[in-house]
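First comes the structure, then the notes that go with it.
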Amino acid sequence: MVPAVNPPTTSCHVAVIGAGAAGLVAARELRRSGHSVVVFERGNQIGGVWAYTPNVEPDPLSIDPTRPVIHSSLYSSLRTIIPRECMGFTDFPFSTRPENGYRDQRRHPGHSEVLAYLKDFAREFKIEEMIRFDTEVVRAEPAAKNPKRWRVESRNSGGVSDEIYDAVVVCNGHYTEPRHALIPGIDSWPGKQIHSHNYRVPDQFRDQVVVVIGSSVSGVDISRDIANVTKEVHVSSRSTTPETYEKLPGYDNLWLHSTIETVREDGSVVFRNGKTVYADTIMHCTGYKYYFPFLDTKGEVIVEDNRVGPLYKHVFPPALSPGLSFIGLPWQVTPFPMFELQSKWVAAVLASRVKLPSQEEMMEDTKMFYAKLEASCIPKRYTHLMAELDSQFVYDNWLADQCDYPRIEKWREQMFYNVFKRIQAQSNTYKDDWDDDHLIAEAYEDLVKFTSNKLKNTCDFVRQI
């Protein structure tokens, strides 16, 4: 199902860094717009963070800068937070298909099903022919002789290559370089520490008392995963009031606390609610940093308190546009459709079918956005967080309008709202118990317009089950 290429006003030679979900859809959209594309992937397969490995880094906190880096942060039991209908690309449904009967058919499938979906996507659109596997980009910078073009230095088993591109699209993800909590007294605390980046299976915590820092969906998910083997799990959350102390439903050994006040040499962990536990391990489920060690923009783009900027609409740095762009920086979103719309915009801009505002106008817009965040007391580190449930869809629809592409479907928006309501109401059962079957039916009816007769048969199959 490779659609005809749209003849571009301008055809560019484009380097895409990373072959995860963002890189795959960026490559597709760029080629659809008539550009020549090379995708650099340092691993030996597509999928990015969705390519699970049981391997972990030797430094459990991932602090040592000389450590061998493991890209994926997936744990063995991980299932998607977002329903599959909502998660898929707009014209390639993440559907259950009769011919894939041996695969994970659950509405919130495991990570291996997401990787299989991405492989289906890459196969359908012949994306692998654009990918250089086992090839790491070690430097990307404006070309010396022509700063509007880009020098890309890459390295693989055959040696080092030095090439010139018209544009670079950065799709390297942001789930590899961990952030850590600052804990008073931690230097003298005798227990073990680990970041969730290096968590895979719960066995290592058997019969332990574990403190988990972070109450995001993934933090609670991991807490429940290890609660099956631990003596106790204590979740520390900065989203609670100081006096918070409550047992979480579904388990007899899982408690929610406020933040940690201090830790001590005797192994104790003291919470702001006044409770003290003696813990064997502290696990940091505290998120990740944006990290671009290969990128040299001569100071035009910096990462400051986890804000990548300045960026116009989270994508283009005004001083370096359109030659440099970023796909996939926003978080707490429905990622694949957003990657797709960002990629369509970048591809159209590079083809000169969509025009960006002037550098001055983009910079002014970006400054106004930052000022609005500051006025709302939102820290820099949350610049790319689309926490308000409607903000991502306003953004998605703005991108769609730029490209003259259909806006995000209402059923997709409603599914996203519903799943977070379910998480709050039934955090231990939301992946297997839902009440929005009418939205599932609406989704499959809507997705038919993008698909072949084969998928129409699939829709009949889904209705039957």
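The values are calculated or read from the model by the stated rules, or taken from the named source; none is laboratory data. These numbers were taken from a predicted model, which means no experiment stands behind them. As a convention, Cβ positions derive from the backbone with ideal geometry for all residues, glycine included, and neighbour counts pool all protein chains shown. Please note that ligands, DNA and RNA were not included when accessible areas were found on the heavy atoms of the full protein model with its side chains. Shrake-Rupley method; radii C 1.70, N 1.55, O 1.52, S 1.80 Å.
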Of all alpha-carbon pairs in the chain, indicate the percentage at a distance above 40 angstrom.
22
Kirkwood Rh in Å, taken over all unlike Cα pairs in region 338-414
14.1
Take every DSSP beta bridge whose two residues both sit in the chain, then give the antiparallel share in percent to the nearest 5.
50
Over the chain, with neighbouring protein chains present, the accessible area per residue in Å² at probe 1.4 Å is 45
Which FRET efficiency value, to the nearest 0.05, is calculated for ARG79 and ASP120 with the Förster distance at 25 angstrom and r the Cβ-Cβ distance?
0.85
Taking only DSSP H segments of four or more residues, each worth -39500 (n - 2.57), what value at 222 nm results for the chain once the sum is divided by all its residues, to the nearest 500 deg cm²/dmol?
-8500 deg cm²/dmol
Percent of alpha-carbon pairs separated by more than 19 Å within region 77-154:
54
ALA319 versus GLU246, label points 7 Å from Cα toward the beta carbon: distance in nm?
4.8
On full extension of the chain, what length is gained from SER11 through ILE378, given 0.36 nm per residue of separation minus the C-alpha to C-alpha distance?
128.1 nm
Contour minus Cα-Cα span, GLU445 to ALA387, at 0.36 nm per residue, comes to 17.9 nm
Do any trypsin sites (Lys or Arg not before Pro) in region 185-260 lie in a loop, going by DSSP, with at most 12 other beta-carbon atoms within 10 Å of their beta carbon, and if so which?
ARG206
What's the angle, to the nearest 10 degrees (0 to 90), between helix 410-425's Cα axis and the longest principal axis of the chain?
10
Greater than 20 Å separation of Cα atoms is the criterion. Which listed pairs, LYS313/LYS367; LYS313/LYS421; LYS289/LYS410; LYS231/LYS289; LYS344/LYS421, meet it?
LYS313/LYS421; LYS289/LYS410; LYS231/LYS289; LYS344/LYS421
Tell me, what is the 1.4 Å probe accessible area of ILE63, in Å² to the nearest 10?
100
Assuming R0 = 41 Å, can you tell me the calculated FRET efficiency for the pair ASP365 and ASP432, based on Cβ-Cβ distance, to the nearest 0.05?
0.40
Any idea how far apart ARG139 and ILE186 come out in nm if each label point goes 7 Å out from Cα toward Cβ?
3.4
I'd like the accessible area for ASP296: 1.4 Å probe, protein heavy atoms, all chains in place, Å² to the nearest 10.
40
Got a number for the accessible area of PHE133? Probe 1.4 Å, square angstrom, nearest 10.
60
In straight Cα distance, which aspartates and glutamates are under 20 Å from LYS298, not counting same-chain residues fewer than 8 positions off?
GLU141, GLU153, ASP162, GLU163, ASP166, GLU360
Could you sort ASP280, ASP436, ASP207, ASP266 by accessible area so the largest value comes first, with the probe set to 1.4 Å?
ASP207, ASP266, ASP280, ASP436
For region 261-352, which trypsin sites (Lys or Arg not before Pro) are both in a DSSP coil and crowded by at most 11 other Cβ atoms within 10 Å?
LYS298
What distance in nm separates the two pseudo spin-label positions at TYR417 and VAL217, each 7 Å out from Cα along the beta-carbon direction?
1.6
Where GluC sites (Glu not before Pro) fall in DSSP loop in region 323-393, at most 16 other Cβ within 10 Å
GLU388
Find how many whole Å separate the alpha carbon centroid of region 228-267 from the alpha carbon centroid of region 368-393.
29
